[in-house]
Amino acid sequence: MFDVIFGLPVHILVLHAYVVLGPLAAAAAIAYAARPAWRRILKWPVVVLAVVTGVSAFVTKESGEKLQGRLVPRHDSGSTDPQVRAILAHTEIGDVAGIVGILFMLVVLVAVLWALRERAGERAQGFLAVAAVVVVIVAAASLLVSVVWAGHTGAVAAWQARIAATTPGSGD
């Protein structure tokens, strides 16, 4: 299910949803948490983005495991080949990014649908509201860091050796 679709790795096809929508969801969640006046407008977009982020994080993580299985056979996991090491490092960091994406979704859903919900025209306030704001902002920041970190290691694994073997073009 997470291996290939139309002959292409699922990971390559779905990771862009996580890489693009994850940071957008993080920014929207921070705005929702930090600006109570915007909560009514941002409520459902934040919920939808959080769910898409969580689902795409899970699919990206699982499909990345399948792609690693194709690229690095189990008996090569102790390899000293820099390309293999880069793939294995990316997979480990990708696992973290996947878990962070799922946790982000859960935190945002709890905050938006329960902890920061407005009741009869009243804004959420008190310790629970402050704690929810802090947790949402920490979860969003963690999401941003993990997506950038996983993206960087993925780009290194996919491109560093190829680019190193080329010379700069004329820029035409």
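Any chance segment 72-82 includes a residue that's closer than 21 Å to L13 by Cβ, surrounded by 13 or more Cβ atoms within 10 Å (Cβ to Cβ) and in contact with a strand residue (DSSP E or B) (Cβ under 6 Å, 6 or more places away or on another chain)?
No, segment 72-82 contains no residue that is closer than 21 Å to L13 by Cβ, surrounded by 13 or more Cβ atoms within 10 Å (Cβ to Cβ) and in contact with a strand residue (DSSP E or B) (Cβ under 6 Å, 6 or more places away or on another chain).
Only one residue in I102, I93 is within 13 Å of the chain's Cα centre (by Cα) and farther than 30 Å from R35 by Cα. Which one?
Testing whether each residue is within 13 Å of the chain's Cα centre (by Cα) and farther than 30 Å from R35 by Cα leaves just I93.
Have a look at A17, A31, A26 and point out the one that is among the aliphatic types (A, V, I, L, M) and more than 17 Å from W149 (Cα to Cα).
Every option except A31 fails the conditions.
Determine whether segment 7-15 contains at least one residue that is surrounded by fewer than 20 Cβ atoms within 10 Å (Cβ to Cβ), in contact with a Leu (Cβ under 8 Å, 6 or more places away or on another chain), β-branched (V, I, T) and under 23 Å from A129 (Cα atoms).
No, the conditions are met nowhere in segment 7-15.
Considering every residue within segment 154-164, establish whether at least one is at pLDDT 85 or above, surrounded by fewer than 12 Cβ atoms within 10 Å (Cβ to Cβ) and within 23 Å of R40 (Cα to Cα).
Taking every residue of segment 154-164 in turn, none turns out to be at pLDDT 85 or above, surrounded by fewer than 12 Cβ atoms within 10 Å (Cβ to Cβ) and within 23 Å of R40 (Cα to Cα).
Between residues in segment 37-65 that are touching a residue at least 40 places away in the same chain (Cβ under 8 Å) and among the hydroxyl-bearing types (S, T, Y) and residues that are buried (at least 18 other Cβ atoms within 10 Å of the Cβ) and not in a helix (DSSP H, G or I), which pairs lie under 8 Å by C-beta distance while being six or more apart or on different chains?
Qualifying pairs under 8 Å: S63/F2; S63/P9.
Can you find a residue that is more than 13 Å from the chain's Cα centre (by Cα) and at positive phi anywhere in segment 105-122?
yes
Is there a residue in segment 117-125 that is of a type in the set (A, V, I, L, M) and assigned to a helix (DSSP H, G or I)?
Scanning segment 117-125 turns up no residue that is of a type in the set (A, V, I, L, M) and assigned to a helix (DSSP H, G or I).
Matching residues to (1) crowded, with 22+ Cβ neighbours inside 10 Å; (2) within 29 Å of A157 (Cβ to Cβ):
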site	(1), (2)
A33	yes, no
K43	no, no
V46	yes, no
A50	yes, yes
G94	yes, yes
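I102: surrounded by 13 or more Cβ atoms within 10 Å (Cβ to Cβ) and modelled with pLDDT of 95 or more, yes or no?
Yes: the conditions hold for I102.
The values are calculated or read from the model by the stated rules, or taken from the named source; none is laboratory data. Bear in mind the structure is a predicted one, so any value in this text is a computation, not a measurement. Using ideal geometry, Cβ is built from the backbone for each residue, glycine included, and neighbour counts are taken over all protein chains shown.
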